[in-house]
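What follows is a set of notes on a single structure, which appears directly below.
Please treat every number below as a calculation from the coordinates, not as lab data. Nothing here was measured: the structure is a model prediction, and the numbers come from that model. When we count neighbours, we look across all protein chains shown, and the Cβ atoms used for this are built from the backbone with ideal geometry, even at glycine.
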Amino acid sequence: MAPGSALIPRLMDLSPGTEALRYCFALPAHPESVAGARRLTRARLADWRLTGDAHDAAVLIVSELVTNAVVHTASTRVVCELRCDAARLRISVQDQGHQPGGPRLSLTADGEHGRGLLLVDSMSAAWGSHDAGNHSGRIVWAELPYGPERTC
């Protein structure tokens with residue numbers, strides 16, 4: 001994937017009889033890319049007809065995870081994936097960081113920084129991180145359940 005490009009596979013086969021919508025994009029790891037990530041996320045969720053609280057929470061979570069990847073790693077690009085299946089929306093952001101232990105909640109967040117993961121934690125049903133494999137970085141993910149407004 002080239003930085004700034006958007007790849008749009010329509011369906012991803014999970015197991016026999018199930019499908020998920022999937023959207024993936026890569027952006028340069030620059031502060032201005034956070035706004036681009038929000039814009040791409042809003043557009044895709046609108047295409048999938050995901051509205052209401054889940055839509056708003058997803059846009060905020062993407063913004064926070066991309067911001068963390070840009071601010072706290074020496075990455076040259078970040079890759080974001082949105083995956084919509086029958087019960088949830090999963091958001092994943094991969095950076096090129098190699099910090100031991102991964103991101104952690106900061107319960108003493110002061111000032112302008114340190115509250116992003118607290119927001120992610122409060123708005124998602126689950127979140128976590130893991131190594132991306134092949135020493136290529138870290139993936140931070142969050143999952144949102146759907147409410148009755150889900151139509152995708």
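Numerical summary
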| quantity | calculated |
| --- | --- |
| Local net charge near ALA125, Cβ-Cβ under 13 Å (Lys/Arg +1, Asp/Glu -1) | -1 |
| Protection proxy ranking, peptides 72-78, 55-61, average beta carbon neighbours within 10 Å, highest first | 55-61, 72-78 |
| Packing-based order for 79-85, 127-133, using average beta carbon neighbours within 10 Å, highest first | 79-85, 127-133 |
| Chain lengthening between HIS135 and ARG39 when straightened (0.36 nm per residue, less Cα-Cα) | 31.6 nm |
